[in-house]
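Below is one structure; the comments refer to it alone.
The values are calculated or read from the model by the stated rules, or taken from the named source; none is laboratory data. If you're wondering where the values come from, they're calculated on a predicted model, not measured in any experiment. Note that each Cβ is placed from the backbone with ideal geometry, even for glycine, and that neighbours are counted across all protein chains shown.
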Amino acid sequence: MNALSITEIKSFLSKGLKEERFYHSLSVSAVAASLAMRYGADIQKAELAGLIHDCAKAYPVDQYVKMAQDFGISLEQVEIDNPQLIHAKLGAYYAKKDFFVEDAEILNSIIYHTTGRPGMTLLEKIIYIADYIEPARYKAKRLDDVRRMAFKDLDECLNMILSDTVEHLYEKKYVINPLTLETFKYYSKA
Ligand code: DGI
Ligand code: FE
Ligand code: FE
């Protein structure tokens, strides 16, 4: 089965996601496609991955642990303790099941869109950054600088986002996912 078209997926998501989340998904898709143009990544893959990265958010967070267990998705303890993190892995599951997306690079860009990971592919970097800088985001600090850097130097942009994210999670006293910390160390300039 071929993957559904962008138009078919938009129609599907518009019915399942809350309006704000649907709008965020469209924005991440457009920004990801723009970054793909800038850096010579596959524009269609970026557009598709951006559109569907949060597709699991159609489901309530209090069901994520059970859903993952039912689908045979392995979870880390930090994910069981902070179930909102699980939408990334569930997103890849639903991308396959509902949209027939089989491309491993697209699926990995969904799985790692919340934490990143050391040694990300170009597409993974693009989705991670697009999720953070899309136009409707406004809460993070120095967003203007981060947005400008996204189109200048991807790895430096990752460095900025990861250090701001780790600082934010620390200040809010959230448990920091060890994978987020590893990613931060990997992309931070010593
Ligand atoms: O799904 P989005 O809201 O577009 O953004 P996201 O996938 O980057 O993050 C989803 C949620 O996960 C958001 O509420 C922040 C949270 N999060 C990201 N990294 C960590 C985290 N929460 C904890 N506890 N620890 C993390 O390392
Ligand atoms: Fe997300
Ligand atoms: Fe998102």
Of all residues in region 115-130 being part of a helix (DSSP H, G or I) and either free of Cβ contacts under 8 Å to residues at least 40 places away in the same chain or closer than 15 Å to VAL28 by Cβ (or both), which is farthest from ligand 1 (Cβ to nearest atom)? LEU123
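Restricting region 48-74 to residues that are of a type in the set (A, V, I, L, M, F, W, C) and away from ligand 1 (no atom under 14 Å from the Cβ), which is surrounded by the most Cβ atoms within 10 Å (Cβ to Cβ)?
By that ranking, first place goes to LEU48.
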Restricting to region 131-156, name every residue that is within 11 Å of ligand 1 (Cβ to nearest atom) and in a loop (DSSP other than H, G, I, E, B). GLU134, ALA136, ARG137, LYS139, ALA140
Subset of region 33-64 [in a helix (DSSP H, G or I) and within 13 Å of ligand 2 (Cβ to nearest atom)]: ALA49, GLY50, LEU51, ILE52, CYS55, ALA56, LYS57, ALA58, VAL61, TYR64
For region 1-32, which residues satisfy the criterion of being within 16 Å of ligand 2 (Cβ to nearest atom) and among the polar types (S, T, N, Q)? SER25, SER27, SER29
Selected residue (only one of ALA30, ALA36, ALA41 is within 16 Å of ligand 3 (Cβ to nearest atom), among the aliphatic types (A, V, I, L, M) and modelled with pLDDT of 95 or more): ALA30
Looking only at residues in region 19-39 that are charged (D, E, K, R) and away from ligand 1 (no atom under 12 Å from the Cβ), which one is surrounded by the most Cβ atoms within 10 Å (Cβ to Cβ)? ARG38
Among ALA92, ALA88, which is free of Cβ contacts under 8 Å to residues at least 24 places away in the same chain, within 29 Å of ALA36 (Cβ to Cβ) and within 16 Å of ligand 1 (Cβ to nearest atom)? ALA92
